[in-house]
Amino acid sequence: MTRTARTTLLAAACLLAALTVGSALGAPRSESTPPRLQSLLRGARTVVVARVADVVEHDSGRVAVAELSVASTIKGEEGDGTLRVVELRSLPSVPPVFERGRHVVAFLNPAARTSYLRDVLPPGEYLQASGREAVLASEDEVAAREAGAIVERIAAASREPERDLEKRRAAERALAFDEIAARHPAVVEDGVAALATLPDLEPLADGERSRLAAAVARDDLPVRIRVRLLDQIATLGLEDMVGPIASLRSDDSTVTAAAWSALRRLGAAPDEKQIARELGSANPDQRAAAARELLARGGRDAIERAGRLATDDPDPEVRKQVIDALASTGSPDALPILERAFSAPGWDVRQAAGRAIFQIGGRAAAESFARLTFDAPAELQRYALTLLRASGVPEDDPLLRRIRTEHPVSEVREAATRGFDVHGH
């Protein structure tokens, strides 16, 4: 087996793995799980607001012990004001949870009493967070203390539940919007989740409306949270947010696409002139977002118009994003465009096109791969054949029979007959 063939198979395997992950992730869904801070609070024996006074590494950095200087204790015993918290750091590429000088709200339990930790740590009592999500860390002391105050309110409500239903609901609503207005992104995300639990959300009060609008406009939030917020607003039908969402300007195409999707779901989709204008924008993120919005709307010429960016856009990232959006349509009408993209320059773009054809699937996709086995650049023909085989065509399929008998390259004919020799013999 040649090096090229082995590379082809490896790339195809990676591609199929990516397909599996992509299918699992899917499109963003509205928040339906309970707010996370409540679960963390229930599951922790000790919850504190603290500053990381020191971090000492052990076993060549595989384990660290953070010394926390406690500012306030939300749950658990007060102690002497200092806690030692174990952090396992087995993956060097993953940033540490605890860093000297940072401020944290930490949800902690006694550290596991494993033989490994007994061997590498000095004797003593240690705590441990259940995961990265169990530590709200910030360089901003005010943000950490604000997050701690939110968690304290949740703890107080749990310790002494309000018996009056109307008062309890009013307190839960106030807490959710205070979370949305918080500095720390994890607290904002918790507030987004809480919105779905509030009965009779509309009409919004003026303060609630302004807090939501401010959160929509924040460009310091992670993209994941911004998309979730926009999706939640659309899911809940909060039409008061149409204006703030329409005013949103982002350099991230994912955020722009989520904003346009939310507007469409709220009955205020961008008009055709705006979409056409953004398709020709100098900003590549705007072009990609416009193409995704165009495809999401559908229409007779949407695939053709968006498809021009998949093959002709000067930015390969735009081409990849539009290719992925074409795949999400599931339409065989996109296959001719994807075939052209498969043969265009740029390995990442070619992979995206192969993945998209595979995702659309069916007989038409198999025929696309068969054509590419003949028509794609020479270095891609075996790759196309690998994807054809991976699509599940039987050995006696006419597409494979034609390749075995008519393909001008003997190695491709042989691979169509016997497959690739994965052992290299």
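The values are calculated or read from the model by the stated rules, or taken from the named source; none is laboratory data. Bear in mind the structure is a predicted one, so any value in this text is a computation, not a measurement. Reconstructed Cβ throughout: ideal geometry from the backbone, glycine too, with neighbour counts over all protein chains shown. Accessible surface areas use protein heavy atoms only, side chains included; no ligands, DNA or RNA. Shrake-Rupley method; radii C 1.70, N 1.55, O 1.52, S 1.80 Å.
Structure summary
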| quantity | calculated |
| --- | --- |
| Net charge dipole size for the chain [Lys, Arg +1 and Asp, Glu -1 on Cβ; Debye, nearest 20] | 1020 debye |
| Per-peptide average of other Cβ atoms within 10 Å, ordering 165-178, 115-128, 336-349 highest first | 336-349, 165-178, 115-128 |
| Relative contact order (%) - segment 264-422, alpha-carbon pairs under 8 angstrom, separation at least six | 13 percent |
| Within segment 344-387: backbone nitrogen closer than 18 Å to the T405 label point (7 Å, Cα to C-beta) | 370-371, 374 |
| Around R264: net Lys/Arg minus Asp/Glu count, Cβ-Cβ under 15 Å | -3 |
| Charge dipole (the chain, unit charges on Cβ, about Cα centre) - positive-most of A288, I154, L201 | A288 |
| Most to least packed among 203-210, 364-371 [average Cβ atoms within 10 Å] | 364-371, 203-210 |
| Accessible surface ranking that places the most exposed of R84, R277, R183 first, with a 1.4 angstrom probe | R277, R183, R84 |
| S130, S410, ranked by accessible area, largest first (probe 1.4 Å) | S130, S410 |
| The chain: projected area of the alpha-carbon convex hull, averaged over directions, in nm² | 26.6 nm² |
| Furthest towards positive pole of dipole, L380, G354, T329, structure part segment 256-413, Cβ charges | T329 |
| 1.4 Å probe accessible area per residue over the chain, in Å² | 51 Å² |
| Cβ-based charge dipole, the chain, positive-most Cα from P122, A364, P270 | A364 |
| Electrostatic dipole magnitude of segment 279-376 [Cβ: Lys, Arg +1; Asp, Glu -1; Cα centre; debye, to 20] | 180 debye |
| The chain: most fluctuating residue of A149, A378, A182 per GNM, C-alpha cutoff 10 Å | A378 |
| Length released on extending from T82 to A156, taking residue separation times 0.36 nm less the Cα-Cα span | 24.3 nm |
| Sulfur and carbon atoms: percent of accessible area, the chain [1.4 Å] | 50 percent |
| 27 Å Cα-Cα reach of K167 towards lysines, excluding residues that sit fewer than 8 places from it in its own chain | K75 |
